[in-house]
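Below is one structure; the comments refer to it alone.
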Amino acid sequence: MIKRSMMTGLALALLASPLAMTRAEELKLVTNSHGLTETVMTMRIRGDLTFGPDGMVKEHHIATRLDPDVAKNVGKIIANWKFQPYLQDGVAVNAKTYFQLTLAARPNTTGYDISVDNRRFSDQRYLSEDELGKQESDHSKCVMNCIVSQPRLPGYPMGLSMANVSGAVMVHLYLNPDGSVADAVIAQSALYNIRGRDKLLDDARKLLERDVLRFARGLKMAPASGSPLVGDNHLVGALPIIFNAREGVRIDNDGKWRLEQRGARNIAPWFVNDPDRWIGVSDAAGRGFVAMKSDQVKLVASDAKAP
C-alpha cells in the first residue's frame, strides 16, 4: 500500500511535466538540486583522433551529428587533451584512438557550465544506438559477452508508466570465470525529461534500483564474458537496463541534450583504482551487455575522481 501510494503521488506530481521539448525549453528546466537527485543535461559524443609522439592531438573527427556551436566547443576540449606517448618497440609514434565523451550542462548565475562528465578511449569504434540495435538483433554475432539465462525482467512501476516517465539503471557486474555473477553494484540510475520533488524522484529511482539489482544477481553469462582485471581472476562488465515508458520514443542522448534526474554515481570496489572504467548511466548507448575494457591509451594528467 505504501509503495502504491508513493508511485501514485509521483504520477500526479509528474503528469504535467512536458515530454516533447525544444532544446531551449529543456535547458530552462535545469535547476540547482540540493538533494540526492542531481538535475543535469547530458550529451554523448563519438569520434576518433590521432595524437603524435609528444602526446598532443594532431587531428580529430567527430562522428556524431552536432550543432555547429557544440561541435566547435567540443573541438576545443579535444585539442587540449594530452596523452601519454604511445610506444612501439620502445619508440613513441603517432597513434589513433576512438573516443566517446559525455558532456554535462549545469546552471550557473549567468547561464550554464559545460563540462566533460566522462571520457573513454578504445581501439574499436563506439557505436550509435541504432548501430547497437542492429548488432543486438544479429544473433550470429552473439558468441561471447552474452547472457545465457536470466530471471524475469523487472516490472515497470505503474506510477512512472502513468506519467510517461522513462529512465535507466546502470549495473556493474563482477563475474566468475564460468559466467556466474559474483557481485553486482548499482552504478547509477536516472529518470529522463521530467522534473519533480527530489524526495519523490529518489524514491522512484530506489524502486528501480532494488528490482534491477535483484535481476542482475540472478544472471548467468557465457563463460569468459567481460574484461579481465589486473591481478584478479574475475571479469567485469556493465549492463544498462532501460525503462521506456512509450514504445518507439527515443530517449538516447547521442548528439542531443537530455534532461536527467539522476542519482550519485557509485564506484564498485573492484573499480576504485581504475577510473577508466567508471561508466555511469549517461555514458551508455543501447541496452546490451558492455565488456568494460580498460582504456587503450591514457591521458597524461587525469582529473578523474570518485564522484
Residue that is touching a Lys or Arg at 6+ places or on another chain (Cβ under 7 Å), hydroxyl-bearing (S, T, Y) and at pLDDT below 90, where the choices are S149, S227: S149
Pair list, Cβ under 8 Å, 6 or more apart: the range 146-160 residue closer than 25 Å to P223 by Cβ, other residue in a loop (DSSP other than H, G, I, E, B) and among the hydroxyl-bearing types (S, T, Y): C146/S225
Some residue of the range 69-76 being within 27 Å of M41 (Cβ to Cβ), of a type in the set (D, E) and exposed (fewer than 14 other Cβ atoms within 10 Å of the Cβ): yes
The range 258-273 - residue that is aliphatic (A, V, I, L, M) and closer than 19 Å to K199 by Cα and, of those, surrounded by the fewest Cβ atoms within 10 Å (Cβ to Cβ): A264
Subset of the range 42-100 (residues that are over 24 Å from the mean Cα position of the chain (by Cα) and polar (S, T, N, Q)): T50, Q84, Q88, N94
Criterion (outside any helix (DSSP H, G or I) and among the hydrophobic types (A, V, I, L, M, F, W, C)) met by exactly one of L191, L213: L191
Residues that are closer than 12 Å to Q100 by Cβ and among the β-branched types (V, I, T), drawn from the range 271-298: I279, V290
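So that you can scan it fast, the table gives a plain yes or no per residue for (1) assigned to a helix (DSSP H, G or I); (2) at pLDDT 85 or above; (3) within 20 Å of the chain's Cα centre (by Cα):
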position: K199; (1), (2), (3): yes, no, no
position: L207; (1), (2), (3): yes, yes, yes
position: A238; (1), (2), (3): no, yes, yes
position: I242; (1), (2), (3): no, yes, yes
position: V249; (1), (2), (3): no, no, yes
position: K256; (1), (2), (3): no, yes, yes
Residues of the range 55-82 satisfying the condition of being in contact (Cβ under 8 Å) with a residue 40 or more places away in the chain and of a type in the set (S, T, N, Q): T64, N73
The listed residue being farther than 22 Å from D295 by Cα, touching a residue at least 24 places away in the same chain (Cβ under 8 Å), among the aliphatic types (A, V, I, L, M) and surrounded by 14 or more Cβ atoms within 10 Å (Cβ to Cβ), out of L219, L235: L219
Complete set of residues in the range 83-111 that are loosely packed, with under 13 Cβ neighbours inside 10 Å and either without any contact (Cβ under 8 Å) to a residue 12 or more places away in the chain or in a strand (DSSP E or B) (or both): L87, Q88, D89, G90, V91, V93, N108, T109, T110, G111
In the range 187-207, the residues that are over 18 Å from M41 (Cα atoms) and crowded, with 23+ Cβ neighbours inside 10 Å: A187, A204
Verdict on A285 being within 21 Å of I147 (Cβ to Cβ), touching a helix residue (DSSP H, G or I) at 6+ places or on another chain (Cβ under 9 Å) and modelled with pLDDT of 90 or more: no
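The values are calculated or read from the model by the stated rules, or taken from the named source; none is laboratory data. These numbers come from a predicted model, not from an experiment. Backbone-built Cβ (ideal geometry, glycine too); neighbour counts: all protein chains shown.
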